[in-house]
Amino acid sequence: MIRPCFAVDIDNVLGCAEPEVQRLFQELTGRLWPVGLYGSAGGLDASQLAPELLEEIFSRFHQESIPRLPLFPGAKLALTLIHRRYRIIIVTARRPYSRPQTLRWLEEHGLPFDALYHTEEKTDIPESITAAIDDHPHHIQAYRALDRQVFVMDQPWNRGIPHADVIRVTGWDALLQWLHFRQSQQWPKDFPETPSFRQLFSSHPNVPSLTAVGVSTGSAKP
């Protein structure tokens, strides 16, 4: 039986990358990071920083920074549970030459996955994607255009997304609540509790499909 496919981004979804980008800027320039600017999700490309500085930040991030990126709380457990029902593909816009470092990072953190893709166009991969989680507005829109279930990992740079057909989550625990793994017998007793959003589907004893969970929700946070 072919499992449905769940596409997962890395930077600022699985791993915390924004602080590292800002640290590189400060190290290279000796200046504080500009107030109101974010380096993630195209922020550097759209900035007024010198092209040479941008390239140095990008290069050092891909060559040096990946091993030190911290994993988001709950990510490993969430992927482990999701992987029991879904094929997990990691889809990142990182430069392809960072693939060895990226693979080591995923493996060192013990994250389950079935494939890894490096691409700027995440919907062009040879996979039948059922659902996706990302933080970048461009990629979120691309998944929406294919009528996929889209989860938005809440970040300051994506809070302007107005679409009523995406589900915004504040972390991996919140995503699991949406997927309703809390109703599963495999749910670990020591996983930290957070209030569920509107107690959705509380009467259903089984984990529903992503399609079942994907009701119109607006951009409310769980």
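The values are calculated or read from the model by the stated rules, or taken from the named source; none is laboratory data. What you see is a predicted model, and the numbers here were worked out from it, not measured in a lab. Quick reminder, even Gly has a Cβ in these numbers, built from the backbone with ideal geometry, and neighbours come from all protein chains shown. These area figures cover heavy atoms from the full protein model, side chains too; ligands, DNA and RNA do not enter into them. Shrake-Rupley method; radii C 1.70, N 1.55, O 1.52, S 1.80 Å.
Summary of values
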read-out: For segment 59-188, average projected area of the Cα convex hull in nm²; value: 8.4 nm²
read-out: At most 11 other Cβ within 10 Å, DSSP loop - trypsin sites (Lys or Arg not before Pro), segment 1-100; value: R31
read-out: Cα-based shape type of segment 1-84, given that a ≥ b ≥ c are square roots of the gyration tensor eigenvalues and the cut on a/c is 1.5; value: prolate
read-out: Length gained when the stretch T170-E127 is fully extended (0.36 nm per residue, less Cα-Cα span); value: 12.8 nm
read-out: At most 15 other Cβ within 10 Å, DSSP loop - chymotrypsin sites (Phe, Trp or Tyr not before Pro), segment 51-103; value: none
read-out: Pair Q48, R3: separation of 7 Å Cα→Cβ label points (nm); value: 4.9 nm
read-out: Protection proxy ranking of 102-110, 4-12 - average other beta-carbon atoms within 10 Å, highest first; value: 4-12, 102-110
read-out: Whole-angstrom gap from segment 1-25 to segment 70-122, using each part's C-alpha centre; value: 7 Å
read-out: Neighbourhood net charge (9 Å Cβ-Cβ; Lys/Arg +1, Asp/Glu -1) for S40; value: -3
read-out: Accessible carbon and sulfur surface of segment 1-85 relative to its total accessible area, %, 1.4 Å; value: 58 percent
read-out: Sites R85 and E120 - FRET efficiency at Förster radius 41 Å, r taken between beta-carbons, to 0.05; value: 0.90
